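One structure below.
Every number in this text was worked out from the coordinates using simple rules, so none of it is lab data. Nothing here was measured: the structure is a model prediction, and the numbers come from that model. Cβ coordinates were reconstructed from backbone atoms using ideal geometry, including for glycine residues, and neighbour counts include every protein chain displayed.
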Amino acid sequence: MENHKQQKHHTLLVASLIFGMFFGAGNLIFPVQLGQNAGSNWFLATVGFVITGTVVPFLAMLAVATTRANGVYDIAKPVAPWFGTLFLVMLHLTIGPFFGTPRTAATAFSMGVAPFLPAKFQTLGMLIFSALFFGLAYFLSFKQSNILAWIGKYLNPLFLVLLLIILVLGLVLPMGNLHQAVGSAYQHHVVLQGFLDGYNTMDGIALLALAVTVVFAVQGLGYQGNQVPKMIAKAGLLSIVAEALLYAALVLLGASSLGTLKVAANGGDAFSQIVAHYTGNFGTLFTGLVVTLAVFTTAMGLFASFAQDMHRAFPKVSYVNWLRVIALGSFVTANAGLTNIVTWAVPVLMFMYPIALSLITLSLLSKFFNRDKVVYRGMLLLVVGPALLDALANSPLATMSWAATLVNTYHNVVPFASLGMGWVVPGLVGLGLGYGGYVIKNRLANTVVNPD
């Protein structure tokens, strides 16, 4: 009985850790933005968003646990060691200085400072705010300060309480009904569009890098071998159910807000306007302060993860120098503005997610082919090309004549390419060919060993 109680306690503890790792700036702003864009089609859009926003990260954690990987490099290494290093660098640049960390400061500024600044001071305000934000994150990461644990312990729960208050107000005193105008992107293939918009949370690729933290935490509780993925599966399921319910509530909040508000430029602005509607300037200021502190913990976690993994990959550059790289890079990118960060992130994520999803799939199936490089290479070889074309189709280059011709041909020839999922069929073909190659290689090896 005592052992059962202890297991339940451990499950809740790990679920809380996973939820804390899930929830960042993107998890707050993108469901609200999706709700405003999807309007009356909010339900089907939420289904697609939840798959990418919760199920894929959950599978990423299981992939790390089942392969007993010590990091994202180990997940990609079976393709080739150089590919493992390249994928690690690409992943950390994406969730680090290119998009992930800049988005934390941009979200905090959009929600906590921008509503109180005149338009003419917005650019200067963001410059000063982001310098202070990333300067402090660098200093505290450099000093390995305990403030991160303090903020995570007290401020994240406070943020969730404030968020629940806003959600309850939205339910009890809705700004409008759920029959709202549907944006152009959600007129057709609603579930698929929600799935693709879920890329923006970056959780699927981020959890590949951060899942090892969960694995070590579970092992620290005394679990070993097959017990580790089982505990992660139980705790992860609990966590993603909570996350999915929160996403659905935020989507509903965004959709109903159209009864009073216009569609905002981004989810940060939308949420800030909703908070102002219900609580006035004091509520906006207080929520902005708590959100700033909450996303600051995310920024510090990403700073440390980036510097540690990059130092491991390139040991000649010190941990501190890598911290300087991410601090400066994040500062520069953040000043492009939240809307621009989101816009430029889309083509990168359209390239990164197919590779990440392929590696997750291969890791989960690896016991059937002993992580053989033939299978990994077979799938990835046929995924990379379509992923590049999906990225091109969603980039500013798509308007150029050569790019438009290439993209149109790709959309007409490859199944589901026009829907942003052109990598799926080639990936499955590559997986099948790779597995076939693995079987043939094993039979030939057995024939040589046992010629009779």
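Once you have a ≥ b ≥ c as the square roots of the Cα gyration tensor eigenvalues for region 169-271, tell me rounded if a/c is under 1.5, and otherwise prolate or oblate according to whether a/b is larger than b/c.
Note, shape of region 169-271 comes out prolate.
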T343 to L167: FRET efficiency via 1/(1 + (r/R0)^6), r the Cβ-Cβ distance, R0 35 Å, to the nearest 0.05? 0.80
For the chain, averaging the sequence separation of alpha carbon pairs under 8 Å that lie six or more residues apart and dividing by its residue count, the contact order in percent is 29 percent
Taking every Cα atom in region 297-350, find the radius of gyration and the maximum pairwise distance Dmax, and write them in Å. 12.8, 36
Principal semi-axes in Å for region 18-86 [√(5λ), Cα gyration tensor, largest first]: 32, 13, 12
Describe numerically, in nm with one decimal, the distance between label points set 7 Å from Cα along Cα→Cβ at R312 and at H9. 3.1 nm
Mind giving me the nanometre distance, one decimal, between the label points for A181 and L444, set 7 Å out from Cα along Cα→Cβ? 6.2 nm
Ratio of region 220-310's C-alpha Rg to 2.2 N^0.38 Å, to two decimals? 1.53
By how many nm would the segment from L237 to K120 lengthen if fully extended, with 0.36 nm per residue of separation less the alpha-carbon distance? 37.4 nm
List, in order, the whole-Hz ³J(HN,Hα) value for each residue of region 396-408 obtained from phi through the Karplus relation with A = 6.51, B = -1.76, C = 1.60 and θ = phi - 60°; use x for Gly and Pro. x, 5, 4, 7, 6, 4, 5, 5, 4, 5, 4, 5, 4
How far apart, in nm, are two points set 7 Å out from the Cα along the Cα-to-Cβ line at H188 and at V55? 2.3 nm
Return the FRET efficiency for the residue pair A403, T361: r is the Cβ-Cβ distance, R0 is 35 Å, and the value is rounded to the nearest 0.05. 0.75
Cα centroid separation, region 297-356 to region 173-200 (Å): 29 Å
Share of Cα-Cα pairs in the chain beyond 37 Å, in percent? 26 percent
Measure of size requested: the Rg and Dmax of region 369-452, with Cα atoms as the atom set and Å as the unit; please supply both. 17.8, 63
Under 25 Å Cα to Cα from K230, which lysines show up? Leave out anything in the same chain fewer than 8 places away. K5, K8, K77, K367
Given only helices, namely DSSP H runs of n ≥ 4 each adding -39500 (n - 2.57), what is the per-residue ellipticity at 222 nm of the chain, to the nearest 500 deg cm²/dmol? -26000 deg cm²/dmol
